[in-house]
Amino acid sequence: MEHLSGGDMLLRALADEGVECIFGYPGGAALHIYDAIFRQNLVRHVLVRHEQAATHAADAYSRATGRVGVALVTSGPGATNAITGIATAYMDSIPMVVISGQVVSDKIGEDAFQETDMVGISRPIVKHSFLVTDAAKIPEIIKKAFYLASTGRPGPVVVDIPKDKTAPDKCFPYQYPDKIKLRSYNPASRGHAGQIKKAMQLMLEAKRPIIYAGGGVIQGNASHLLTQLARTLNVPVTNTLMGLGAYPGDDRQFLGMLGMHGFVEANYAMHHADVIFAIGARFDDRVTNTPSKFCPDAKIVHVDIDPAAISKTVRADIPIVGPVDSVLADMLQVLTESQQRLDADALASWWAQIEAWRQDYNLLSKPRYDTSGAQIKPQEVISALYEVTGGEAYITSDVGQHQMFAAQYYPFKYPRRWINSGGLGTMGFGLPAAMGVQYAFPDAQVACVTGEGSIQMCIQELSTCTQYHLPVKIICLNNQALGMVKQWQDMQYSSRYSESLYEDSLPDFIKLAEAYGHVGVRITRRDELKTKLAEVFAMKDRTVFVDVAVDAMEHVYPMQIAPNGAMRDMWINKTERT
Ligand SMILES: Cc1ncc(C[n+]2csc(CCOP(=O)(O)OP(=O)(O)O)c2C)c(N)n1
Ligand SMILES: [Mg+2]
């Protein structure tokens, strides 16, 4: 058997796990690992400019490909810089393995140089963490880390490795395990057959059914099965912010996103439904609005891999714990066997009602924002982006108004194309996320929809784009303000803009992009929007920063009325409500 050092075993184990690339940043405690990287050529390393970006890039690589993303950081500040990215992945259930260097074992606890208790600091935001105490166990620990990250409800796993455990002078027999045993970790592999039958019966008896599908359907690779179920039953579908693309966004049965900035027709349909089929969604507060007023007439089926997600905020009438793909497959089987279908008249009048709501409120069929002024509206930029990219691009985003406009105005046709931080809402996610996606798919169109606020949180990554020739297109909706903060200040604080304005001190983003060796394009007029965007996407090999001057007074609508509102209570513009 081959004998390898801890550092070499780590790299070999990653290769044996099928890892093609890792995103990282070196430092003292990780130097043996970095030397091992230098001496092999199975796993590629992408050098970012800040550890937060390493985690976001690895996370987005995972979101886009469905594989486990890997980040590598050093101890102390490297590890703490990774924390925001780990929390981001945790909140959105993204499988990721983060390897952190640690000070040498016999110095742990002595406040050694660059020591931080990574296992302790990351504990509430990981699925599991390992501190390597025996170098010989590195292959087994890596195997376990990938298994834990990717099975059940996915999530990040930290592997903290003291420097002495990767030292080149101590070698151990290397073998990558085929199988691992984990006592007390047994994620469900099938849903309960009786519950599945009951759920289908309830659906078939419904008069006003709706499917409410979240990010779990995408993570569980079940979008095609969800689509099949929805089409077989001819029921309406809404997706959460995280679920966009789980059902084709351009399909007639799709009602748009639901929730705080969801489509009115989607929230209305939820509110008036008699059966809600929730799958891979977690009844998050940005969806339910006031839980006690949530969908008063509805019986709820809730399918989720994580038993802790069920009845956490809203009680489920029929809970089903299991992987979304196998549960949906079983449901389709039940439907094939029963041949029973929904009451055609009831369903027809439900669809007629939905069409009427669409007529009144749909955001995409005609503009609901005012285009009489000279300034470009942010919504128009997203619609133009959709047109220019044929709806085929990977879109990453940051956090703020621009994120909500992207979610509303770019109907995602496929899963894994909409890459955003929904749970944690992390500004700074967009650019490193776009890098992770572009690295995975070098020929794909990748656009980062961002704001001038968010982009400055990881702007240094423009340098990483230069080094690895990542031709991402940054579409900055520049409203010269922390727009979402300002919107809330308009609505709840009589427009007292406390610390949300900085227009006199913004950089010239064109010059900034050029300083990094990229192309900068400024768009200020409506009539140049589409042509310039088309030119931008024609520059296939270049990173392009597109700085679009948009109306600074625009708000995101619709917007649920809080506190104490129900799903259907929404502002539809600055003065009118549902
Ligand atoms: C790291 C972080 N800090 C603060 C916030 C709070 N926050 C949410 S949106 C927002 C404003 C974002 O401004 P910008 O990126 O310009 O987007 P806009 O809303 O103007 O489109 C802020 C400060 C956050 N989500 N993340
Ligand atoms: Mg802004």
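The values are calculated or read from the model by the stated rules, or taken from the named source; none is laboratory data. Not measured: the values here are computed from a predicted model. Every residue, glycine as well, gets a Cβ built from its backbone with ideal geometry; the counts of neighbours run over all protein chains shown. Accessible surface is based on the protein model in full, side chains and every heavy atom, while ligands, DNA and RNA are left aside. Shrake-Rupley method; radii C 1.70, N 1.55, O 1.52, S 1.80 Å.
Please report the antiparallel percentage of the DSSP beta bridges confined to the range 455-578, to the nearest 5.
So the antiparallel bridges amount to about 25 percent of the total.
Give me the extension gain from Ser292 to Arg39: residue separation times 0.36 nm, minus the current Cα-Cα distance, reported in nm with one decimal.
Length difference between fully extended and current span is 85.1 nm.
Give the calculated FRET efficiency between Ser338 and Glu392 to the nearest 0.05, with a Förster radius of 41 Å applied to their Cβ-Cβ distance.
0.60
Specify whether the C-alpha gyration tensor of the range 199-331 places it in the rounded, prolate or oblate class, a ≥ b ≥ c being the square roots of the eigenvalues: rounded for a/c under 1.5, otherwise prolate if a/b is larger than b/c and oblate if not.
rounded
Can you give me the % of accessible surface on the range 232-294 that is carbon or sulfur? Probe 1.4 Å, all protein chains present, nothing else counted.
Within the range 232-294, the accessible surface is 50 percent carbon and sulfur.
Summarise the long-distance tail of P(r) for the range 401-539 by giving the % of C-alpha pairs beyond 18 Å.
The calculated P(r) of the range 401-539 puts 60 percent of pairs beyond 18 Å.
Once whole DSSP H runs in the chain are found, which of them have Cα atoms spread over 20 Å or more along the helix axis and a mean Kyte-Doolittle score of at least -0.5?
324-338
Ignoring ligands, DNA and RNA, what accessible area per residue does the chain give at 1.4 Å, in Å²?
Result: 39 Å² per residue.
Put +1 on the Cβ of each Lys and Arg and -1 on the Cβ of each Asp and Glu in the range 1-50; which of Leu42, Ser5, Gly28 then has its Cα farthest toward the positive end of the dipole?
Sorting the options by dipole projection puts first Gly28.
So how strong a dipole does the chain carry about its Cα centre when Lys and Arg Cβ are +1 and Asp and Glu Cβ are -1, to the nearest 20 debye?
Using only the charged Cβ atoms, the result is roughly 1020 debye.
Mind checking which lysines have their C-alpha under 30 Å from Lys170, skipping anything on the same chain fewer than 8 residues away?
Within the straight-line limit of under 30 Å, Lys170 reaches these lysines: Lys107, Lys137, Lys143, Lys144, Lys179, Lys181.
All other residues with a Cβ under 9 Å from the Cβ of Pro139 taken together, and with Lys, Arg as +1 and Asp, Glu as -1, what is their net charge?
Counting the neighbours of Pro139, the net charge comes to +1.
Ranked highest first by the average count of other Cβ atoms within 10 Å around their residues, in what order do 96-106, 399-409 fall?
399-409, 96-106
Just going by the charge dipole of the chain, with Lys and Arg at +1 and Asp and Glu at -1 on Cβ, which of Ala298, Leu202, Met570 is farthest out on the positive end?
Of Ala298, Leu202, Met570, it is Leu202.
Quote the FRET efficiency, to the nearest 0.05, computed for Val104 versus Lys181 with a Förster distance R0 of 30 Å and r equal to the Cβ-Cβ distance.
After rounding to 0.05, the efficiency reads 0.50.
Counting only other residues whose beta carbon sits under 15 Å from that of Pro415, what net charge do I get with K and R as +1, D and E as -1?
Once all neighbours under 15 Å are counted, the net charge is 0.
What does the extension gain come out to for Arg577 and Ala346, with contour length at 0.36 nm per residue minus their alpha carbon separation?
Length difference between fully extended and current span is 80.3 nm.
Just the C-alpha atoms of the range 1-71: what Rg/Rh do they give, with Rh taken as the Kirkwood radius?
That ratio equals 0.98.
Please give the Cα centre distance for the range 65-137 versus the range 474-490, rounded to the nearest Å.
33 Å
Taking the inverse of the average 1/r across all pairs of different Cα atoms in the chain, what Kirkwood radius in Å do you get?
24.8 Å is the Kirkwood radius here.
Where both partners of a DSSP beta bridge lie in the chain, what percent of those bridges are antiparallel, to the nearest 5?
10 percent
Would you please classify the overall shape of the range 94-150 from the alpha carbon gyration tensor, given that a ≥ b ≥ c denote the square roots of the eigenvalues, rounded means a/c under 1.5, and beyond that prolate means a/b larger than b/c while oblate covers the rest?
Taking the square roots of the gyration eigenvalues as a ≥ b ≥ c, the range 94-150 is oblate.
Could you compute the FRET efficiency for Ser365 and Arg190, with r as their C-beta to C-beta distance and R0 at 30 Å, rounded to 0.05?
Plugging the Cβ-Cβ distance into 1/(1 + (r/R0)^6) gives 0.10.
Please report the net charge: other residues with Cβ closer than 12 Å to the Cβ of Glu452, K and R +1, D and E -1.
That sum, taken over residues with Cβ under 12 Å, equals -4.
Calculate for the chain the 222 nm mean residue ellipticity that helices alone would give, adding -39,500 (n - 2.57) per DSSP H run of length 4 or more and normalising by residue count, nearest 500 deg cm²/dmol.
Computed mean residue ellipticity for the chain: -10500 deg cm²/dmol.
How many percent of the accessible area of the range 335-447 is carbon or sulfur, using a 1.4 Å probe?
The C+S portion of the solvent-accessible surface of the range 335-447 is 49 percent.
Distance check, please: which entries in Lys511/Lys540; Lys312/Lys473; Lys413/Lys530 exceed 32 angstrom between their Cα atoms?
The pairs that break the limit, which is 32 Å between Cα atoms, are Lys312/Lys473.
Around Thr426, which amide H atoms from residues at least 5 apart in sequence, or from another chain, sit under 5 Å from its own amide H, with H modelled in the peptide plane?
Close amide H contacts, sequence-distant or interchain: Ser421.
Under a straight-distance cross-link criterion of Cα-Cα below 21 Å, which lysines are reachable from Lys574, leaving out those fewer than 8 residues away in the same chain?
Within the straight-line limit of under 21 Å, Lys574 reaches these lysines: Lys366, Lys377, Lys486.
Label-point separation (nm) for Ser505 and Met553, each offset 7 Å from Cα along Cα-to-Cβ?
Using points 7 Å along Cα→Cβ, the separation is 2.6 nm.
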